[in-house]
């Protein structure tokens, strides 16, 4: 399982992070999540929470799953156990929450943020 930070959008109260999660079968999912503004290392935060995000994706794929009664060390493992025994045709197609990003897009976002910051500093200096 692998998770890769693609880009983010700062909101008033949090940060929306867009990422690619690849499960153990090699299936890629484009997904997003809101994280606290005080997170300093987005990639590390995503890696720490990878199983939780895959759990969220699995619940979207299998919205009627009755996985809670299954054995497992965590919610994801319970869902995976339920899927392996019961899923059959219940899987819904997963719709990505964003397109696979072009690395240039993140660079543009970073440059726009830098320009906005410089414009703010210019206004402060001009009084």
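Which ones in segment 69-80 are out of contact with any helix residue (DSSP H, G or I) (no Cβ under 8 Å at 6 or more places or on another chain), closer than 17 Å to residue 56 by Cβ and surrounded by fewer than 17 Cβ atoms within 10 Å (Cβ to Cβ)?
77
Answer with yes or no whether residue 19 is touching a helix residue (DSSP H, G or I) at 6+ places or on another chain (Cβ under 8 Å) and within 30 Å of residue 113 (Cβ to Cβ).
Considered against the rule, which asks whether it is touching a helix residue (DSSP H, G or I) at 6+ places or on another chain (Cβ under 8 Å) and within 30 Å of residue 113 (Cβ to Cβ), residue 19 comes out as yes.
Starting from segment 100-123, keep only residues that are surrounded by 11 or more Cβ atoms within 10 Å (Cβ to Cβ), then list their pairs with residues that are modelled with pLDDT under 75 and assigned to a helix (DSSP H, G or I) whose Cβ atoms are within a distance under 9 Å, requiring at least 6 positions of separation or different chains.
none
Could you please find all residues in segment 8-24 being under 15 Å from residue 47 (Cα atoms) and surrounded by 13 or more Cβ atoms within 10 Å (Cβ to Cβ)?
Those that are under 15 Å from residue 47 (Cα atoms) and surrounded by 13 or more Cβ atoms within 10 Å (Cβ to Cβ): 17, 18, 19, 20, 21, 22, 23.
Tally up the residues in segment 25-40 that are in contact with a helix residue (DSSP H, G or I) (Cβ under 9 Å, 6 or more places away or on another chain) and either in contact (Cβ under 8 Å) with a residue 60 or more places away in the chain or surrounded by fewer than 17 Cβ atoms within 10 Å (Cβ to Cβ) (or both), please.
5
The values are calculated or read from the model by the stated rules, or taken from the named source; none is laboratory data. Just so it is clear, the structure is predicted and the values come from calculations on it, not from any experiment. With ideal geometry, Cβ positions are generated from the backbone for all residues, glycine too; neighbour counts draw on all protein chains shown.
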